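**Q** Pasting a structure below so you can have a look.
Each value in this text was obtained by applying a stated rule to the coordinates, not by laboratory testing. All figures in this text were calculated on a predicted structure; none of them were measured in a lab. Cβ: placed from backbone, ideal geometry, glycine included. Neighbour counts: every protein chain shown.
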Amino acid sequence: MQAYIDEWFQTSAPSIQLEENMLVLYPSFLPSNLADHALNTLITDIPWQQHSLKIYGRRIPFPRLMYWMGQPGTAYRFSGNEFQPHPWHPVVLTIKSLIEQNLPASFNSVLLNLYRHGRDSMSWHADDETCLGPTPTIASISLGSTRHFAWKPKFVKGPSRRIPLPHGSLLIMKGQFQHHYLHALPKTSPPKGCRINLTFRNIVQ
Ligand SMILES: O=C(O)CCC(=O)C(=O)O
Ligand SMILES: [Mn+2]
């Protein structure tokens, strides 16, 4: 499977379907001028926030900055945090409508993550909160430095796999993906520039 992914990445096919279509990557989804503009605009316009995780009474800062955006009523609760939605940024709305024109899905919120360098990361998790419904479709846009997205089975022992997420790419997680798999954005040791990730979601309750 990993060899297939590596070969595909070298040939730049328009999309790759993985894990029985529960994971689909469009490597160059955004027009390059929109991807460049979104990266430059969001880095400076978003008042990026440092949130933290409470473990054994201690607050540990997440190794990345975040910002939650969406329509009113889409509060997002995870890891002991509750995020109230900030109003849509026009560039984020442009990207959202481009995705919605191409997918049978719509979104009422988005989590923005800023990975400042290769040591910023996201640990193993599933986006399986009840508020996302049982089979959420999550549309994940990457801007800036290419980083690897890793995933592995949740309930059985099995190897993890990884795929590079280039500037302007769109990764779709759908169906039972959050039920069967964990995913992560691992740290890298070679130095990396900054990366912004937008995961569009639909809060249903
Ligand atoms: O940065 C990424 O590509 C992954 C983000 C993610 O998994 C999340 O926001 O839940
Ligand atoms: Mn996730």
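**Q** Taking only Cα atoms and a 10 Å spring cutoff, compute GNM fluctuations for the chain and point out the largest among PHE177, PHE155, PHE83.
**A** Result: PHE155 has the largest fluctuation of those listed.
**Q** Right, another one. Please compute the length gained on full extension between LYS154 and SER121, using 0.36 nm multiplied by the number of residues separating them and subtracting their Cα-Cα distance.
**A** Gain in length upon complete extension: 9.9 nm.
**Q** Give me Rg/Rg_expected for region 69-112, where Rg uses Cα atoms only and Rg_expected = 2.2 N^0.38 Å with N residues.
**A** This ratio for region 69-112 stands at 1.24.
**Q** Whole Å is fine, so just give me how far the alpha carbon centre of region 27-91 lies from that of region 101-172.
**A** Value for the Cα centre distance between the two parts: 13 Å.
**Q** Need the list of lysines near LYS187 for cross-linking: C-alpha distance under 24 angstrom, and skip anything on the same chain fewer than eight residues off.
**A** Output for LYS187: LYS54, LYS152, LYS154, LYS157.
**Q** When a/c is below 1.5 the answer is rounded, else prolate if a/b is larger than b/c, else oblate, so apply that to the chain with a ≥ b ≥ c taken from the square roots of the Cα gyration tensor eigenvalues.
**A** rounded
**Q** Now for a separate question. Rounded to the nearest 0.05, what FRET efficiency do CYS194 and GLU129 have when you use their Cβ-Cβ distance and R0 = 45 Å? The partial results should precede the final answer.
**A** Details: r = 27 Å, r/R0 = 0.60.
E between CYS194 and GLU129, to the nearest 0.05, is 0.95.
**Q** Evaluate the relative contact order of region 2-201 (contact order divided by residue number), counting alpha-carbon pairs under 8 angstrom at least 6 apart; express in whole percent.
**A** 27
**Q** How much length is gained on full extension from SER79 to ILE55, taking 0.36 nm per residue of separation minus their Cα-Cα distance? Walk me through the intermediate numbers first.
**A** Values: separation 24, 0.36 × 24 = 8.64 nm, distance 0.94 nm.
Net length gain for the segment: 7.7 nm.
**Q** Please compute the net charge surrounding SER52, taking Lys and Arg as +1 and Asp and Glu as -1 over other residues with Cβ under 11 Å from its Cβ.
**A** Numbers: positive: LYS54, ARG58, ARG59; negative: none.
Neighbourhood net charge equals +3.
**Q** About its Cα centre, what dipole magnitude does the chain give when the only charges are +1 on Lys and Arg Cβ and -1 on Asp and Glu Cβ, stated in debye to the nearest 20?
**A** Values: 19 positive and 12 negative charges, 162 e Å.
The calculated dipole for the chain is roughly 780 debye.
**Q** Go ahead and set up a Gaussian network model of the chain, Cα springs under 10 Å, then flag whichever of ILE55, ILE138, ILE95 fluctuates most.
**A** ILE55
**Q** A follow-up question, please. Which of the trypsin sites (Lys or Arg not before Pro) across region 139-205 are loop residues per DSSP, with 10 or fewer other Cβ within 10 Å?
**A** Within region 139-205, the qualifying trypsin sites (Lys or Arg not before Pro) (loop, at most 10 other Cβ atoms within 10 Å) are LYS157.
**Q** Please build a GNM for the chain, connecting alpha carbons under 10 Å apart, and tell me which residue among SER189, SER140, SER32 fluctuates the most.
**A** In the Gaussian network model the winner is SER189.
**Q** Moving on to the next point. Lys and Arg at +1, Asp and Glu at -1: add these up for the other residues within a Cβ distance under 11 Å of PRO136 and post the number.
**A** After counting each charged neighbour, the total is -1.
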